[in-house]
Amino acid sequence: MATKATGSKKSLQLLLFQVALVGPVFCGNVLVWPTEGSHWLNVKMITKELIRRGHSVTVLASNASVFITPRDDAMEKFEVYNVPFEKDTVETLIEEIVALWLNNRPTALTFWQFYTELGKMFKNLHEINRLMCDAVLTNHELMAHLQGSGYDLLLTDPVTLCGDLVALKLSIPFMYSLRFSPASTVERHCGKMPAPPSYAPAALSELTDKMSFGERIKNILSYHLQDFVFQSYWGQWDTYYSKVLGQAMAGKEVAVLWLLAVLGYGSGGNVLVWPADNSHWLNMEYILKELVVRGHEVTVLMPSCFLIFDGTQSSPFQFEVVEVPITKKEMATMMEEAFYFLFYEERQLPFWQVAYKMTQMLHKIKNTTETICNEVLKNQALMQRLRASNFDVLLADPLTPSGELIAEKLGIPFVYTIRFSVGNTVERLCGTLPAPPSYVPATLSGLVDRMSFLERLKNIFSYTAQDFMYHYLTWGSWDQYYTDVLGKAAFTSKNYICCTYKSKYSELRG
């Protein structure tokens, strides 16, 4: 019963975030790029809930689809496009893949033969996928029709590629329906998720975090095999994506893929930025400069006390300065005290003094941050001016809370700039990241994946301490604030951040 309740809660959180993307008040228009088989059942559950909430849902399906077919009693609308292959081709390929997976599972002797056969089937699957992409992206009449339909969002299953390309060509945001990739390949290579193969089981390997020696060998092979498949798989699609988008995809472009998805690839967008002070600005500034180069307009919502702001220097960005009752000197003093504690005192003081000072420091930072947030969210003239500016997306550094609240009040989507939290807290509690504390080092703990007994104890304590801070010192203290701003007690800061981060975490690959 507890498992069922937990699953329902997770589904509700995902649905809440999707509904937030298509508009907090009015009904939205959602386009769906689905995948055949059981994946369609997952997406269909989401579409039914969106329809129940009053949103319009249109499914983009081929005339050779086996399971995704228009019916008289269907609640969804269907946009059917023609492909140069028959339904039997798809059905036969699905049956072959399922039969191989269920009836010919690999053993030590048949391992290579199994994956060779599976590779051939996936090659055929990719060819079908590419024909589907061509049938939509090169059909100018269909694309013009979709463009004129005024869709607010595209929900895409990443197993069938090109959903993101369709969204980019239509200049609408897109959202993935899955939260992980086989062997966590995308999460590890793109999101830098810590996953030592001797201890963290590969997704879909059917292993747990308690493995025998033989199972660990199998897990290591799973990781390396999926890495090979990933490089080969995406390598074949690089040329296709570059051709459709009109330019080669470089490493730097991956850093802004989420923003391009929200803004639209072809035309300049209007970006609002909610930054954090100090070194975090260096990371964000790099992304913003790339957006400006691409023709997007960037406006930074800058508190007057932030040390990174210098109004005398020229900048490629526009600044909306928020006057706050805090001086730069007070901000500098608070930061110096925090840095001195983190880099010097924290390593030398006894545990109880560290805990006391940490609590005092977080309380002081929270009060300062809340004061800054109030000057934005309670400034009606400023909020009206921001609404009138018609921003397309808000880029937020989660180190400074309330970026998502500003986006919610403006009715626009938002994107986070940071890929991890201290102690992997958000990833573990919201994204269910596998992280056995005896083996996977907590982020910013200064430990590696080869730990002595005492270092493992320190790591376990780091996880416990960060969980406590997360629940009772960090986001717990923001619950009432989020409730007051959003006007709904059930949607607290922890729920909002968890719901949002879980959805973003699955999509980070772009």
Over segment 197-220, the set of residues part of a helix (DSSP H, G or I) and touching a residue at least 12 places away in the same chain (Cβ under 8 Å) is ARG216, LYS218, ASN219, ILE220
Among (1) in contact (Cβ under 8 Å) with a residue 40 or more places away in the chain; (2) aliphatic (A, V, I, L, M); (3) in contact with a Leu (Cβ under 8 Å, 6 or more places away or on another chain), which single condition is MET143 missing?
(1)
Got a sec? Which of LEU178, LEU165, LEU155, LEU225 is touching a Cys at 6+ places or on another chain (Cβ under 8 Å), touching a residue at least 60 places away in the same chain (Cβ under 8 Å), at negative phi and assigned by TED's automatic domain parsing to the domain that holds ALA61?
LEU165
If I filter segment 144-175 down to residues being small (Gly, Ala, Ser) and surrounded by 19 or more Cβ atoms within 10 Å (Cβ to Cβ), which single residue comes out as nearest to HIS55 (Cα to Cα)?
ALA167
Under 8 Å by Cβ, and 6 or more places apart or on different chains, what pairs join a residue from segment 353-367 that is closer than 19 Å to LEU399 by Cβ with one that is modelled with pLDDT of 85 or more and in a helix (DSSP H, G or I)?
MET361/GLU337; LYS364/MET334; ILE365/MET334
Pairs needed: first member in segment 48-71, within 22 Å of LEU165 (Cβ to Cβ); second member anywhere, basic (Lys, Arg) and at pLDDT 90 or above; C-beta distance under 6 Å; at least 6 residues apart or different chains.
THR58/LYS77
Exactly one condition in (1) free of Cβ contacts under 8 Å to residues at least 24 places away in the same chain; (2) surrounded by 15 or more Cβ atoms within 10 Å (Cβ to Cβ); (3) closer than 29 Å to LYS169 by Cβ is not met by CYS133; state its number.
(1)
Exactly one of these conditions fails for TYR481: (1) under 20 Å from VAL354 (Cβ atoms); (2) at pLDDT 80 or above. Give me its number.
(1)
Subset of segment 348-406 [part of a strand (DSSP E or B) and not β-branched (Val, Ile, Thr)]:
LEU394, LEU395, ALA396
Just one of GLN13, GLN18 is in a helix (DSSP H, G or I), modelled with pLDDT under 70 and over 21 Å from ALA167 (Cα atoms); which is it?
GLN13
Answer with yes or no whether GLY311 is within 29 Å of the chain's Cα centre (by Cα), modelled with pLDDT under 85 and more than 23 Å from MET361 (Cβ to Cβ).
no
Looking only at segment 314-351, and only at residues there that are over 30 Å from ARG387 (Cβ atoms), acidic (Asp, Glu) and in contact (Cβ under 8 Å) with a residue 24 or more places away in the chain, the one that is surrounded by the fewest Cβ atoms within 10 Å (Cβ to Cβ):
GLU330
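The values are calculated or read from the model by the stated rules, or taken from the named source; none is laboratory data. Model, not experiment: these values are computed from the prediction. Positions of Cβ are generated from backbone atoms using ideal geometry, with glycine treated the same way; all protein chains shown enter the neighbour counts.
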